[in-house]
Amino acid sequence: MATQLRLLWRMHRWEAVFFIGGALLLSTALAIVAWQIAASRDTMLACYEQSFETLSAECRSAIEWGNTLGGAVGLLVAVTTVTPFAAGIFLGAPLLSREIEHRTAPIAWSLSPSRSGWLLWRTVPVLLALVIVLLVLGQASAFVLDTVEEVDLGFRQYGMFGPILAARGLAIFGLGVLVGLVLGRVLPALLVTALATVAIVGGMSVGRDLLMREEAIWRPMGDQSDFVHMVFDSGFRSDATGEIIGYEQAYNEYPESFDEMTGEGGPPGMTSVWKIVPPDAFDLYVAREIGVLAATFLLVSAAAVFIVRRRRPE
Amino acid sequence: MTLARLAFKLQPSSIGFAAFVCLGLAGAALWLTADMRSVLEACGTPNEPTACQVDFAFQNTHGQAVIMTQMGIGLAMYGIPLVLGVPILTREIEHKTAMMAWPLAGSRTKWLAWRAGPVLAVALVLMGVMAFAAERLAQAYFPHDDIGFNLYGSHGIPLVTRAALTFAVAVLLGAVIGRLLPALLIGIVVAAGITNGTEAVLRSWVEPMELTQEDSFLTGGFPLITDLEFRAPDGSVMNDVEVQELYQAVYAEHGEDADPALLPREVYFGVAADRYPEVLIRESAAIGGAVVLAGVLAVIVVQRRRPE
């Protein structure tokens, strides 16, 4: 077992250091930023209560530090969002394609009692390391976003935190392994996996948007305006009949009920409504995407096992 | 000719990928450009679209597609040169064909030129097409303005020069590291450095000046803004605290209808949009020098590298 792991490390140390180490470094940076923001919050709030003219030097530097931390959050979270895809591509695609390209795979296959066993030993340790660091990264990102945001995390931070990062990394890694196994060359495998990743990300995004539009429900506009982000339509609902009309129609039919300057107001006997995906559906959408990604991973893994068993040792 | 054909045959996947991505993005950019222009054809007619009058003419109708395409071009201008440049030497070193090719070639410099030259030509053509399409797209998105320094570096000639620099650095990295994946990974970091580095030195190519009202972005141009200063009505420079104090004093005395001449004046410093060619020439010369330097270094590394 130790020999297998040592061999795996020697073959993939560059990518492992870059992505596994990089993800851990990123998690640490996120945790430090979150801790610093939490630690300086009281000072900052006290400073903001002072009038601008009488700000002390300490307050000025505290505000400047707060701004620096705020900028760091944006950058670190952006990198966090991209990391699962990049790590999945660069760890998955070369994993087997390199051995096939360098013709060490046929030797290993003839020496190994089972090709499936060989495949497991090559992929599972890297996969475990990837999933664990992405789970850690997802938690660190959730920690920093929780510290920064004043409301519960939801659709606005979709894909930036939590176990969805690990699921994305898992699926792309599996895809990379399969592509590498089929193509048997490192660079083409990397490029094809990258293109497939773009297609998957685009497809998932479009699919999610369609599903949300389909499942969105009409709700009265209320106090939730601060944390409802998935708004697909808005209008007015008749209190008597329940019929919904759009803003433009309402404005044309009842122009006198709207303020000329601000456009605020609404027809009498009607309630302002919007078509939204409620914030509490966020967990459902995350669970669905994780489910789809896990199923994709299982599918590509089965295909990889099938191919590795049948591939000619050329 | 045989050597050029060999160079293409060695990199079919990277060249195919580069062509697919660059031509796809260029096609998307040109399609969006044509679509936005077709909207403006109705200008001057009784039912002219609002895009005929407003500066952000297509923000609501085409904004998302334009941003996605520009983002793709922004990534491809660094990603494609890396994908084309890094494998030129790493593949031959990794597969140990370089150790056979070098003793057989009359000169390693010529060998490198024949390996990198055709790929560089392909890269420049693809980047040129993409840069042209990106330029058209940027101009079509702001049909009533001189786009000046808007998204500088991600369209037109600056896109091509930056891509050429990334390509030269990618070849150099491949020569130094000699392994595909490590060189590619380090190349990504270096490309990020090139992006930030070129952005950081952009304001140093010409002396920033006080922007007049005509040069200002408020009147529709896209200057390169380098600094913002507040001036008192008597022309003296004010700090942030003095600005706040003056605002409060004026509003306390005159209310919301205070004469704007009594308030602090914002003065922008930067490079006006009409100085774009000046900046472009200087930057292109500097980046061209960097490309030559990276190329020379790659030649030195190839000449001195052990054939192992």
On the basis of being of a type outside the set (D, E, K, R), crowded, with 20+ Cβ neighbours inside 10 Å and more than 30 Å from B:Met36 (Cβ to Cβ), does B:Gly79 make the cut?
no
Only one residue in A:Gly66, A:Gly74 is within 18 Å of the chain's Cα centre (by Cα), among the small types (Gly, Ala, Ser), over 16 Å from B:Ile188 (Cβ atoms) and modelled with pLDDT under 95, so which one is that?
A:Gly74
Does B:Val39 satisfy the criteria of being assigned to a helix (DSSP H, G or I), buried (at least 20 other Cβ atoms within 10 Å of the Cβ) and away from chain A (no Cβ under 14 Å)?
no
Would you please name the residue that is surrounded by the most Cβ atoms within 10 Å (Cβ to Cβ), looking only at residues in segment B:245-281 that are touching a Pro at 6+ places or on another chain (Cβ under 7 Å) and either more than 14 Å from chain A (Cβ to nearest Cβ) or assigned to a strand (DSSP E or B) (or both)?
B:Val271
Residue check for B:Ala28: crowded, with 18+ Cβ neighbours inside 10 Å and touching a Ser or Thr at 6+ places or on another chain (Cβ under 9 Å)
yes
Among (1) more than 14 Å from chain B (Cβ to nearest Cβ); (2) among the β-branched types (Val, Ile, Thr); (3) outside any strand (DSSP E or B), which single condition is A:Ile245 missing?
(3)
List the number of the failed condition for B:Leu184; all other conditions in (1) farther than 30 Å from B:Ala98 by Cβ; (2) within 14 Å of another protein chain (Cβ to nearest Cβ); (3) in contact (Cβ under 8 Å) with a residue 60 or more places away in the chain hold.
(1)
Can you tell me which residue is farthest from the other protein chains (Cβ to nearest Cβ) among those in segment B:70-128 that are closer than 20 Å to A:Leu187 by Cα, touching a helix residue (DSSP H, G or I) at 6+ places or on another chain (Cβ under 7 Å) and among the hydroxyl-bearing types (Ser, Thr, Tyr)?
B:Tyr78
Please name all residue pairs, on different chains or six or more residues apart, with Cβ atoms under 9 Å, provided the first residue is in segment A:195-222 and is within 21 Å of A:Leu170 (Cβ to Cβ) and the second residue is outside any helix (DSSP H, G or I).
A:Arg208/A:Tyr158
Please work out if A:Glu53 is assigned to a helix (DSSP H, G or I), farther than 22 Å from A:Ala166 by Cβ and modelled with pLDDT under 80.
yes
Output the number of the condition that A:Glu149 fails; it satisfies all remaining conditions of (1) free of Cβ contacts under 8 Å to residues at least 12 places away in the same chain; (2) within 14 Å of another protein chain (Cβ to nearest Cβ); (3) in contact with a helix residue (DSSP H, G or I) (Cβ under 8 Å, 6 or more places away or on another chain).
(2)
Only one of (1) closer than 24 Å to A:Val186 by Cβ; (2) among the β-branched types (Val, Ile, Thr); (3) without any contact (Cβ under 8 Å) to a residue 60 or more places away in the chain does not apply to B:Ile67, and that is (1)
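Condition check ((1) within 14 Å of chain B (Cβ to nearest Cβ); (2) surrounded by fewer than 22 Cβ atoms within 10 Å (Cβ to Cβ)) across all residues:
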| site | (1), (2) |
| --- | --- |
| A:Leu128 | no, yes |
| A:Val131 | no, yes |
| A:Val136 | no, yes |
| A:Gln139 | no, yes |
| A:Val144 | no, no |
| A:Leu153 | no, yes |
| A:Gly180 | yes, no |
| A:Val198 | yes, yes |
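The values are calculated or read from the model by the stated rules, or taken from the named source; none is laboratory data. Please read these numbers as outputs of a predicted model, since none were measured by experiment. Cβ coordinates were reconstructed from backbone atoms using ideal geometry, including for glycine residues, and neighbour counts include every protein chain displayed.
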